[in-house]
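Worksheet for the structure shown next.
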Ligand code: AMP
Ligand code: ZN
């Protein structure tokens, strides 16, 4: 309700902050017109220490009691199950295989009866097989890389886009940003969900948005200083690179940055501290994935102690990735997500392969939304390089297209000067290995070109002699990732 009043323009932002503070003291009863009017009158021109204030975009949903949340989730889950059963042959078949009818899903407790969805299901249903809305209602398509050449597609109705900007607005409010801020969106715009997802949330809170997309570092820094950017959105590794270039250009004193919203790839608390020091900001973690909606699934509040999960839209579960049984709060396992408000592509029990745990204790900030720990690792072999998902199997399928290449390869990933470096060693078949430099250079160029178009990022290709890549007697070890990004989390 407070937000509605704020949006209607009846209240100044500073007054809104004061009311939030007072509500913390006198409790939820303040949520009525009469009480609010009284508080507003009383608060006119009353100073308030800022450090008491936590901005909450949508208290009606972010601060529900557990009982209220479970009721809401149950209702939304029932609707979602009905929707997919009647509109998605994929889910109808899956449920029928389990002998499950929609009526059997009455509450969140029944979630465990529902079938899982995995990345391969999305690949098999490529491109639109998982949609539960007719194409005439789909207004946006996004995609990210899957385990093979085929991307994972996400389809959004107008309502889905609205939900997306809502959860991103919550994210930015939790980082104490509002209409007075200038947002520089340096996530990639396009099929990747990062750019447009962050963009819509920043517009929703009324900030001024610079849609610069990723790359073009000098221009980023020029606009950052000229326009007085206060909030930066990009991958943490790109933020570190920007910080380094800012130092090199000697323009630190011209910056007005106060907040950074970083995500799309794992990053450590150490990296957070480094970014906060280098850019003189508070850095917030944002989590999401294309299959669910994109960024905005979970977000840091200013306590920076876990990521609040937008569980009125996406229900999280933690399961043991081997037994597939649910794990209790606090235990680390695989994150599984069910969307309960999406129309275009609702997803039941999506196995993210991301490893983390959940904490249901109420946060200092006043939000009751469950908190997810930082992502601790993955239960599959997916790598995230420069923000792009890369599976070794994708590389293998490309190499198999080349008769000159043997099916022996090794991926090396490192982080040098805060930038991911990606090198692939490819063994050449004996009959094609040649001393003619031009032939080898040509092969290298063709492989690099093809990989770039399939993976969506460039890799340095190194052709190596026949039989020079170590053979394995068991499970082949095809990746050396020197970044150790999860180990330090
Ligand atoms: P995409 O589908 O391209 O958006 O990639 C989604 C994947 O990126 C997730 O399943 C995670 O593995 C990873 N990811 C996204 N945000 C974060 C984050 N804040 N911390 C760690 N990993 C993340
Ligand atoms: Zn919090």
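The values are calculated or read from the model by the stated rules, or taken from the named source; none is laboratory data. A quick note: this is a predicted structure, and the numbers were derived from the prediction, not measured. Cβ: placed from backbone, ideal geometry, glycine included. Neighbour counts: every protein chain shown.
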Taking the criterion of being more than 16 Å from ligand 1 (Cβ to nearest atom), more than 24 Å from residue 74 (Cα to Cα) and under 17 Å from the mean Cα position of the chain (by Cα), would at least one residue in segment 154-170 satisfy it?
yes
Would you be able to say whether some residue in segment 363-372 is more than 16 Å from ligand 2 (Cβ to nearest atom) and farther than 23 Å from residue 123 by Cα?
no
What number of residues within segment 114-171 satisfy the criterion of being touching a helix residue (DSSP H, G or I) at 6+ places or on another chain (Cβ under 8 Å), without any contact (Cβ under 8 Å) to a residue 40 or more places away in the chain and in a helix (DSSP H, G or I)?
4
Among (1) assigned to a loop (DSSP other than H, G, I, E, B); (2) surrounded by fewer than 22 Cβ atoms within 10 Å (Cβ to Cβ), which single condition is residue 292 missing?
(2)
If I ask for residues that are in a helix (DSSP H, G or I), farther than 21 Å from residue 303 by Cβ and out of contact with any helix residue (DSSP H, G or I) (no Cβ under 7 Å at 6 or more places or on another chain), which ones from segment 172-201 would you list?
193, 194, 195, 196, 199
Any pair with Cβ under 6 angstrom, 6 or more apart, that starts in segment 259-281 at a residue that is free of Cβ contacts under 8 Å to residues at least 60 places away in the same chain and over 28 Å from residue 382 (Cα atoms) and ends at one that is away from ligand 1 (no atom under 12 Å from the Cβ) and not in a strand (DSSP E or B)
278/243; 279/243; 279/257; 281/257; 281/258
Name the residues in segment 457-477 that are modelled with pLDDT under 90 and closer than 24 Å to residue 145 by Cβ, would you?
475, 476, 477
Residue set 413, 398; condition under 23 Å from residue 469 (Cα atoms), surrounded by 15 or more Cβ atoms within 10 Å (Cβ to Cβ), within 16 Å of ligand 1 (Cβ to nearest atom) and touching a residue at least 40 places away in the same chain (Cβ under 8 Å); output residue 413
With respect to residue 143, determine if the residue is surrounded by fewer than 21 Cβ atoms within 10 Å (Cβ to Cβ), under 16 Å from the mean Cα position of the chain (by Cα) and either more than 16 Å from residue 230 (Cα to Cα) or more than 15 Å from ligand 1 (Cβ to nearest atom) (or both).
yes
If we scan segment 430-443, do we find a residue that is surrounded by fewer than 12 Cβ atoms within 10 Å (Cβ to Cβ), at pLDDT below 95, farther than 30 Å from residue 272 by Cβ and within 37 Å of the chain's Cα centre (by Cα)?
no
Residue 100 is checked against (1) out of contact with any strand residue (DSSP E or B) (no Cβ under 6 Å at 6 or more places or on another chain); (2) in a helix (DSSP H, G or I) and fails just one. What number does that condition carry?
(2)
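A quick yes/no check of all residues on (1) in contact (Cβ under 8 Å) with a residue 40 or more places away in the chain; (2) within 12 Å of ligand 1 (Cβ to nearest atom):
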{"site": "212", "(1), (2)": "no, no"}
{"site": "238", "(1), (2)": "yes, no"}
{"site": "245", "(1), (2)": "no, no"}
{"site": "251", "(1), (2)": "no, no"}
{"site": "255", "(1), (2)": "no, no"}
{"site": "284", "(1), (2)": "yes, yes"}
Across segment 394-429, the tally of residues that are modelled with pLDDT of 90 or more and part of a strand (DSSP E or B) stands at 18
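Residues checked against (1) surrounded by fewer than 23 Cβ atoms within 10 Å (Cβ to Cβ); (2) part of a helix (DSSP H, G or I); (3) over 18 Å from the mean Cα position of the chain (by Cα):
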site	(1), (2), (3)
239	no, yes, no
261	no, no, no
296	no, no, no
311	no, no, no
316	yes, no, no
322	yes, no, yes
Which residues, counting only those in segment 308-318, are more than 9 Å from ligand 2 (Cβ to nearest atom) and in contact (Cβ under 8 Å) with a residue 40 or more places away in the chain?
309, 310, 311, 312, 313, 315, 316, 317, 318
Of all residues in segment 273-296, how many are within 16 Å of ligand 2 (Cβ to nearest atom) and out of contact with any helix residue (DSSP H, G or I) (no Cβ under 8 Å at 6 or more places or on another chain)?
1
For segment 329-339, does any single residue satisfy the condition of being out of contact with any helix residue (DSSP H, G or I) (no Cβ under 6 Å at 6 or more places or on another chain), surrounded by fewer than 21 Cβ atoms within 10 Å (Cβ to Cβ) and in a strand (DSSP E or B)?
no
If you go through segment 347-391, how many residues are away from ligand 1 (no atom under 16 Å from the Cβ), surrounded by fewer than 18 Cβ atoms within 10 Å (Cβ to Cβ) and more than 23 Å from residue 262 (Cβ to Cβ)?
4
